[in-house]
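S.K.: This structure is in structure tokens; I'll ask about it shortly.
The values are calculated or read from the model by the stated rules, or taken from the named source; none is laboratory data. Keep in mind the model is a prediction, meaning the values are calculated, not measured. Neighbour counts run over all protein chains shown; Cβ positions are idealised from the backbone, glycine included.
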Amino acid sequence: MAKKVILLVEDNPDDVDLTLRAFKKNNILNEIVIARDGAEAMDFLSAAGKFAGRDLDDVPQVILLDLKLPKVDGLEILRRIRSDERTKLCPVVILTSSKEEIDLLNGYKSGANSYIRKPVDFNQFSEAVRQLGLYWLVLNEMPPVGRKV
Amino acid sequence: MKVMNSRQKKNYWFWVLPILIIAITLWNVLPLHTVKPDFVFFNESLHSALEAIGALAGLLMGLFLLNKSNNDGKQHFFWAGTGFLVMAIFDGFHSITRPGGGFVWLHTLAVLGGGAFFAMLWLSGLSMSNRAEKILPWLMAACALTISILTLADRQMFPLMMNNGQFAASARGMNAVSGMLFIIGAVFFVLQFIKSKDFENFLFFLMALMFGLAGITFQYSRPWSDEWWFWHILRLASFLIVLGYLIRRHLYSQVELLRVNRALKMLSECNQSLVRIGKEEEVLHTVCSHIVEIGGYKRAFVEFADSGRGIGQAGLAIRTGETHIIRHIQDDPQYASLREEAVKSGYSSAIALPLMENGKTFAALNIYSSHQDAFDNSEVKLLSELASDVAFGVMALRTQIARLRAEKDVLTLNKELEQRVIERTRLLESANKELEAFSYSVSHDLRAPLRSIDGFSQAILEDYSGKMEEECRSYLNRIRAASQRMAQLIDDILKLSRVTRVEMHSDSVDLSGICLSVAAELQKTANERKVEFVIKPGITVKGDSRLLHIAFENLLGNAWKFTSKREGARIEFGSMQKDGQPAYFIRDNGVGYDMAYSDKLFRAFQRLHTESEFPGTGIGLATVQRIINRHGGLVWSEGKIDEGAVFYLTLQ
């Protein structure tokens, strides 16, 4: 049984802290791997850089992806995820500030499973994270990840 | 028209001729035999020849005059023509009879018939039916023929004219009467001549006078005597005048025909050039060469008013706008300064015709002829016509050129405008792109710090709640509320800008349907509220359904909001006519507003109520206005405090 890792791709440290806090508050105890920019996220996906030596078959349970990222933007990462045989089916939730139509469209087109706009009200944000965790980590049946399809 | 050097000398010389004729006649008949040879010359064939010539000339003249009276409607030619016809028939028979066989009788009939009709010239004013005018001459001719033939057949039927080798009294009397009748005719012609100055009338006068004198002097003559030959010569002279007149008429008409032909050809060629050629200079050059080559003139050129020369006839024509003619360059005192050169060039007469447009002379057409006095009335008339055609052609050409230039200018301007539109569109597009990037940045980046402020405030409240005072908690809550409101404001600004930026898709939109669905949505947000929605069914318009949906969301949302404290709240959607255009309205019976502030109503972030009274950021009506404006419509409202508000809108 693979570890149920959550990958959080988020460049804003405040948002990282607040997201972690929301997880904690909602008793989501899964290991959370943080990629602080697009390049780090790419490294994670190819087991390079600071993620060298990582087992690539160890696919995250869910990826929380910000769109606006330094170096490589969220959509690019999403497309990379979807082009890799191992991560192709991995659930990706876009978690971003933007509610622009174009972002929504491009997000879904590139293969996002869900799109959540971060509310300013922390209580609402916390609630969103709770529901997200409940859904993707508990309710949702994962595809047979890690097996060659 | 001015004629320079018009010869004012009047010609009186022709009066000498009739006086001379009368004098000779008197000298011949009065018994001044001492200075006049007295002889008897018997020559029957000479006499017959004279009479035959006369008869032929008379016949031709009669037919010519009758034809002319038909064509020109000159009635005096009709009478004269008939007279000539009758006279010629009798004279013709007279010429073939021998003395004794109605010889004098036929002559007497000839002069009597001719005289009678010449006297009838005075009846020229008389109106006659067309038929009578056609028949009478031929009836008379038939009578003359009949009488003549009867005379030849049986001389005894008619009175004798000779008595003992002398003319009988009846013959003398009848000839004298005929002479008087001719004189009466002569008076008619002389008066016509004085009145009209037409030389033709003078010739006729001379002719009638000689016929008359011949008739009167008949009584003083014996057959074959010198007096007798004299009045024969008078008559012959008359007939010769007639013949001369006829020949002159014929030749004149031939020459005239040639001249008219030539002139018309010139006019037609010039007009063709005017139509065919597109350049002014070329047109004028061609017209001038046609005038010289076809018109037969020595030289032709056009001088423009602004060329500054203005000397000679051209300058006069330009200054006065009148045609100027120099009939004789050689002796025209006004032409003295230019004469030498003109004569050297072979010019004998000249004309300058003004080229006018709207009564203003802009140039003069100058024509020189190598003949003296080449420009008579008909020629001037024709050349004037040519000048007016040339003026019209030149002006038409100038107008056309001006029009083409204007068209070209418009085209250039259009191109420039198009280019400018393209540039502006490009600028607008880039501005829009910038705005979009800005909006995106705002939505993304401005919210992040707010999340931190709110999130960490909440974190403090949660983690350190026990360690702080109530006031501190309240402050943190206020920080959180403020950051959330700011987030709301950011969202609203974005909404407003999106309404302006979003692309329009025009389609048929069911406004009633939109209102119903918005009303249902609103009802869902507060189930406990009892609001009466009155929505007129079946209202459809042309527009962007998404934008109109947003507009009605705002309008109905406002109505919903501002009736929240009202018992028996009522919200109505309907349509009406405003200035012949359909208008739509949303009416509520909510708290209303003070019309004094109505100008602030549609401005972004302007509110007439406090946040605590009614929540909102003040973006709704600004959004509505932008949407309606984008539809080319208008939005306005009426309101009264505590009575409600009505929002009207029109769409293009």
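S.K.: Out of the residues in segment B:373-399 that are modelled with pLDDT under 85 and polar (S, T, N, Q), which is surrounded by the most Cβ atoms within 10 Å (Cβ to Cβ)?
M.R.: The selected residue is B:Ser378.
S.K.: Check B:Ser457, B:Ser441 and return the single one that is within 11 Å of another protein chain (Cβ to nearest Cβ), surrounded by 13 or more Cβ atoms within 10 Å (Cβ to Cβ) and either hydroxyl-bearing (Ser, Thr, Tyr) or under 25 Å from B:Phe573 (Cα atoms) (or both).
M.R.: Only one candidate passes the filter, namely B:Ser457.
S.K.: Given the criteria farther than 19 Å from B:Ser268 by Cα and of a type in the set (Lys, Arg), does B:Lys381 qualify?
M.R.: For B:Lys381, the condition - farther than 19 Å from B:Ser268 by Cα and of a type in the set (Lys, Arg) - is not met.
S.K.: Further question on the same structure: Among the residues of segment B:323-372, what is the count of those that are among the charged types (D, E, K, R), surrounded by 14 or more Cβ atoms within 10 Å (Cβ to Cβ) and not in a helix (DSSP H, G or I)?
M.R.: 3
S.K.: Something else now. Is it the case that some residue within segment B:219-230 is modelled with pLDDT under 80, loosely packed, with under 14 Cβ neighbours inside 10 Å and over 39 Å from the mean Cα position of the chain (by Cα)?
M.R.: No, that holds for no residue.
S.K.: Of a type in the set (Gly, Ala, Ser), facing chain A (nearest Cβ under 10 Å) and either more than 60 Å from the chain's Cα centre (by Cα) or more than 17 Å from A:Asp15 (Cα to Cα) (or both), is that true of B:Ser452? Quick ask: steps written out before the conclusion?
M.R.: Working: of a type in the set (Gly, Ala, Ser): yes; facing chain A (nearest Cβ under 10 Å): yes; either more than 60 Å from the chain's Cα centre (by Cα) or more than 17 Å from A:Asp15 (Cα to Cα) (or both): yes.
Yes: the conditions hold for B:Ser452.
S.K.: Could you list, ordered by first residue, the pairs with Cβ atoms under 7 Å in which the first is in segment A:113-132 and more than 10 Å from A:Thr19 (Cβ to Cβ) and more than 12 Å from chain B (Cβ to nearest Cβ) and the second is surrounded by fewer than 16 Cβ atoms within 10 Å (Cβ to Cβ) and of a type in the set (Phe, Trp, Tyr), at least 6 apart or interchain?
M.R.: Hits for this filter: A:Tyr115/A:Tyr108.
S.K.: Against the condition assigned to a helix (DSSP H, G or I), closer than 30 Å to B:Ala300 by Cα and out of contact with any helix residue (DSSP H, G or I) (no Cβ under 7 Å at 6 or more places or on another chain), how does B:Ala406 come out, does it pass?
M.R.: Against the criterion (assigned to a helix (DSSP H, G or I), closer than 30 Å to B:Ala300 by Cα and out of contact with any helix residue (DSSP H, G or I) (no Cβ under 7 Å at 6 or more places or on another chain)), B:Ala406 does not qualify.
S.K.: What do you reckon, is B:Thr500 more than 14 Å from chain A (Cβ to nearest Cβ) and closer than 25 Å to A:Ser98 by Cα? Write out each step before concluding.
M.R.: Working: more than 14 Å from chain A (Cβ to nearest Cβ): yes; closer than 25 Å to A:Ser98 by Cα: yes.
Criteria met by B:Thr500.
S.K.: For residues that are in contact (Cβ under 8 Å) with a residue 40 or more places away in the chain and closer than 20 Å to B:Asp544 by Cα, tally how many sit in segment B:620-651.
M.R.: Result for segment B:620-651: 15.
S.K.: Return the residue satisfying two criteria in turn: it lies in segment A:77-99 and is buried (at least 16 other Cβ atoms within 10 Å of the Cβ) and touching a Ser or Thr at 6+ places or on another chain (Cβ under 6 Å), and of such residues it is farthest from the other protein chains (Cβ to nearest Cβ).
M.R.: If we take residues in segment A:77-99 being buried (at least 16 other Cβ atoms within 10 Å of the Cβ) and touching a Ser or Thr at 6+ places or on another chain (Cβ under 6 Å), then A:Ile81 is farthest from the other protein chains (Cβ to nearest Cβ).
S.K.: Another question, if that's okay. Restricted to segment B:333-372, and to residues that are modelled with pLDDT of 85 or more and aromatic (Phe, Trp, Tyr), which residue is farthest from B:Glu280 (Cα to Cα)?
M.R.: By that ranking, first place goes to B:Tyr347.
S.K.: Filtering segment B:466-497 down to residues that are of a type in the set (S, T, N, Q) and within 14 Å of chain A (Cβ to nearest Cβ), which residue is nearest to A:Phe125 (Cα to Cα)?
M.R.: The qualifying residue nearest to A:Phe125 (Cα to Cα) is B:Gln484.
S.K.: From the residues in segment B:618-651 that are surrounded by fewer than 23 Cβ atoms within 10 Å (Cβ to Cβ), small (Gly, Ala, Ser) and touching a strand residue (DSSP E or B) at 6+ places or on another chain (Cβ under 7 Å), which one is nearest to B:Ser497 (Cα to Cα)?
M.R.: Of everything passing the filter in segment B:618-651, B:Gly633 is nearest to B:Ser497 (Cα to Cα).
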